[in-house]
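Below is one structure, written out as structure tokens; comments come after it.
The values are calculated or read from the model by the stated rules, or taken from the named source; none is laboratory data. The shown structure was predicted, so the numbers you read here are calculated from the model rather than taken from an experiment. When we count neighbours, we look across all protein chains shown, and the Cβ atoms used for this are built from the backbone with ideal geometry, even at glycine. Keep in mind that these areas ignore ligands, DNA and RNA; they rest on the heavy atoms of the full protein, side chains included. Shrake-Rupley method; radii C 1.70, N 1.55, O 1.52, S 1.80 Å.
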There are 2 protein chains.
Amino acid sequence: MADCLFCRIVKREIPAVIVHETETTLAFRDINPKAPVHVLVIPKEHIDALIRLEKRHAPLLGDIHETIQEVARMEKVDTTGFRVIVNNGPDAGQAVSHLHYHVLGQRHLGWPPG
Amino acid sequence: MADCLFCRIVKREIPAVIVHETETTLAFRDINPKAPVHVLVIPKEHIDALIRLEKRHAPLLGDIHETIQEVARMEKVDTTGFRVIVNNGPDAGQAVSHLHYHVLGQRHLGWPPG
């Protein structure tokens, strides 16, 4: 989508600190980090939100989770621990209408999660 | 795993308020809810944590996300919004070593997420 912030990051039209990339996914640092490690993992394909995922996206979900694991290892939080968050819609405060998985770590993460 | 709490819920050896079930997934209410809607979605297969997912699990990830969507619709948070959280390891406070996706909704969810 031409006017989607994350699609524009995928196309390198807007800068971002990219930490990992695969054929189908991109991982970059959140510009407003809430932990020492705060990376966003997105599919390159534009999908509005988690609720819009379709059956055909199962392989893509595999890719996304593989990228999350790779980010966790690269950021050295794979053993200390990390939290993955997906916000869907208004009550969750979804800020960009392009599916994204937040990966937070390198500090204790409290409960409840917001 | 014989001594895993969530495997025992799958086998109906321990009671839980089950809200949805598929061939590969189970959804039940968190016993210590942090929002009016707080459901856990798990794979029936025992997987310790998100970091332990393998390539072969892609179809299962599709099933898990489909169950999350179904729970969101059943609990009527599909339009108002919901947050999905996966805790992996100590820093995130992962309480049960069986992969589980928290689904929270029916209230405003703050930021940071813990």
Practice problem: Would you mind telling me which numbered condition in (1) within 7 Å of chain A (Cβ to nearest Cβ); (2) of a type in the set (A, V, I, L, M, F, W, C); (3) under 21 Å from A:Gly114 (Cβ atoms) B:Val71 fails? | Solution: (1)
Exercise. Name, by its number, the condition in (1) within 26 Å of B:Gly105 (Cβ to Cβ); (2) in contact with an Asp or Glu (Cβ under 8 Å, 6 or more places away or on another chain) that does not hold for A:Leu50.
Key: (2)
Self-check item: Positions within the range B:1-23 being within 21 Å of B:His65 (Cα to Cα) and either of a type outside the set (Val, Ile, Thr) or without any contact (Cβ under 8 Å) to a residue 40 or more places away in the chain (or both), in sequence order
Solution: B:Phe6, B:Cys7, B:Ile9, B:Val10, B:Ala16, B:Val17, B:Ile18, B:His20, B:Glu21, B:Glu23
Practice problem: Read through the list (1) facing chain A (nearest Cβ under 10 Å); (2) open to solvent by 10 Å² or more (accessible area, probe 1.4 Å); (3) β-branched (Val, Ile, Thr), then give the number of the only condition that B:Val19 fails. | Solution: (1)
Self-check item: Odd one out for B:Leu40, checked against (1) within 11 Å of chain A (Cβ to nearest Cβ); (2) farther than 24 Å from A:Glu70 by Cβ; (3) not acidic (Asp, Glu)
Solution: (1)
Quiz item: Within the range A:67-102, which residues are of a type in the set (Gly, Ala, Ser), part of a loop (DSSP other than H, G, I, E, B) and farther than 15 Å from A:Asp30 by Cβ?
Solution: A:Gly81, A:Gly89, A:Ser97
Quiz prompt | Residue check for B:Arg8: exposed (fewer than 14 other Cβ atoms within 10 Å of the Cβ), more than 20 Å from B:Ala72 (Cβ to Cβ) and out of contact with any helix residue (DSSP H, G or I) (no Cβ under 8 Å at 6 or more places or on another chain) | solution = no
Quiz item: Looking at (1) more than 8 Å from chain A (Cβ to nearest Cβ); (2) part of a helix (DSSP H, G or I); (3) in contact with a strand residue (DSSP E or B) (Cβ under 9 Å, 6 or more places away or on another chain), can you tell me which one B:Arg56 breaks?
Solution: (3)
Quiz item: Mind checking whether some residue in the range B:81-94 is β-branched (Val, Ile, Thr), over 17 Å from A:Leu99 (Cα atoms) and at pLDDT 95 or above?
Solution: no
Self-check item: One residue from B:Glu70, B:Glu75 being open to solvent by less than 50 Å² (accessible area, probe 1.4 Å), among the acidic types (Asp, Glu) and closer than 23 Å to A:Glu54 by Cβ
Solution: B:Glu75
Exercise. Kindly indicate which of A:Ala2, A:Ala27 is away from chain B (no Cβ under 11 Å), open to solvent by less than 20 Å² (accessible area, probe 1.4 Å), over 28 Å from B:Thr24 (Cα atoms) and touching a helix residue (DSSP H, G or I) at 6+ places or on another chain (Cβ under 9 Å).
Key: A:Ala27
Exercise. For residues that are of a type in the set (A, V, I, L, M, F, W, C) and touching a residue at least 60 places away in the same chain (Cβ under 8 Å), scanning just the range B:81-111, find the one that is surrounded by the most Cβ atoms within 10 Å (Cβ to Cβ).
Key: B:Val103
